[in-house]
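The values are calculated or read from the model by the stated rules, or taken from the named source; none is laboratory data. Please read these numbers as outputs of a predicted model, since none were measured by experiment. Quick reminder, even Gly has a Cβ in these numbers, built from the backbone with ideal geometry, and neighbours come from all protein chains shown. Side chains are part of the model used for accessible areas, which takes the heavy atoms of the whole protein and leaves out ligands, DNA and RNA. Shrake-Rupley method; radii C 1.70, N 1.55, O 1.52, S 1.80 Å.
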Amino acid sequence: MPEKSEETKKSEDKEAISPIAETTSQTKHTFVSDDGSFNYTVTTGTLILKEEDIEEGEKQKASIFYIAYIKDDDSPDRPVTFSFNGGPGSSSVWMHLGLLGPKRVLVDDDGMPLAPPYRLVNNEFSLLDKSDLVFIDPVSTGYSRPVPKEKPDKFHSVKNDIESVGEFIRVWTTRNKRWISPKFIIGESYGTTRAAGLAGFLHQRHGMYLNGIMFVSSILNFITARFNEGNDLPYILFLPTYTATAWYHKKLPEDLQKD
């Protein structure tokens, strides 16, 4: 059987890779707090990142999964907060169901999960009464994946990670007509490193100014968390936090507990 020409192989490859369609699903809910109640819409779905390829035209790169909580019938200048976790291989589930979303996982007073059956409860600490919320799963976390034949490691460097998440924020903001909205980013752990990089990237690449950044379990200089021989910096920097925690739980000596 004769070998296929390179042109035939390229043609078959193109036919084998069908474009991935974006998908969304929406539900309606009511948010209730001490300050009142309002209706909001939850959108879960995928957004396809693309790039302009000189030879092939517009080319799909990755499918990004997100969950967006948007207050109904509100002005376009309502704040919107983009959130993600760290890892760097973690989806946004912990910030979503552990801290910011309108529902949270029920845990004990120490933050540990309870015995089954597990439950979701109203989250009295949610930011939804102050800001719309968009939870982002970076590529290779959660349900976010590169498109077929796109190498995952193209998204795993610090620079490429920032670029892909930044592109998602730009596209989502444009499609939802939120450029005039105050925009915030909240990241956790490695997500604080990502958030810091995004602030510069969004400003320099797209002219998008952030109104604020929130860091949870911040780590911007990794040497500050490495308790290695010869590195005294973590001991110095952790001491104030340990002291404040001990003061809060009334574990300090009496003379220190007073101050």
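Our estimate of slack between His203 and Val158, defined as 0.36 nm per intervening residue step minus the Cα-Cα distance, is 14.5 nm. Please find, in a Gaussian network model of the chain (springs between Cα atoms separated by less than 10 Å), the residue of Ser18, Ser33, Ser140 whose mean-square fluctuation is greatest. Ranking Ser18, Ser33, Ser140 by mean-square fluctuation puts Ser18 first. Relative to the first principal axis of the alpha-carbon coordinates of the chain, what is the inclination of helix 6-16, with its axis defined by its Cα atoms, in degrees from 0 to 90 and to the nearest 10? With both axes taken from Cα atoms, the answer is about 50 degrees.
A full extension of the chain between Ile236 and Lys149 corresponds to an added length of 26.6 nm, given 0.36 nm per residue minus the alpha carbon distance. Compute the long axis of helix 158-175 from its Cα atoms, compare it with the longest principal axis of the Cα atoms of the chain, and write down the angle in degrees, 0 to 90, nearest 10. Here the helix axis deviates by roughly 80 degrees. Here the chain carries DSSP beta bridges of which approximately 70% are antiparallel, counting only pairs with both residues inside.
Between the helical axis of 190-206 and the longest alpha-carbon principal axis of the chain there is an angle of about 50 degrees.
The Rg/Rh ratio for the range 127-236, using Cα coordinates for both the radius of gyration and the Kirkwood hydrodynamic radius, is 1.03. Among 175-184, 233-242, sorting by the average number of other beta carbon atoms lying within 10 angstrom of each residue, highest first, gives 175-184, 233-242. In the context of the full set of protein chains, the range 20-115 has a per residue accessible area of 55 Å² (1.4 Å probe). To put it simply, the accessible area of the range 48-167 at a 1.4 Å probe is 55 percent carbon and sulfur. Counting Lys and Arg as +1 and Asp and Glu as -1 over every other residue whose Cβ lies under 11 Å from the Cβ of Lys71, the net charge comes to -3.
When the chain is treated as a Gaussian network with alpha carbon springs shorter than 10 Å, the biggest mean-square fluctuation among Ala244, Ala21, Ala62 belongs to Ala244.
Using the rule -39500 (n - 2.57) for each DSSP H run of four or more residues, divided by the residues of the chain, the 222 nm mean residue ellipticity is -8000 deg cm²/dmol.
When peptides 224-230, 107-113, 42-48 are ranked by their average number of other Cβ atoms within 10 Å per residue, the highest-first order is 42-48, 224-230, 107-113.
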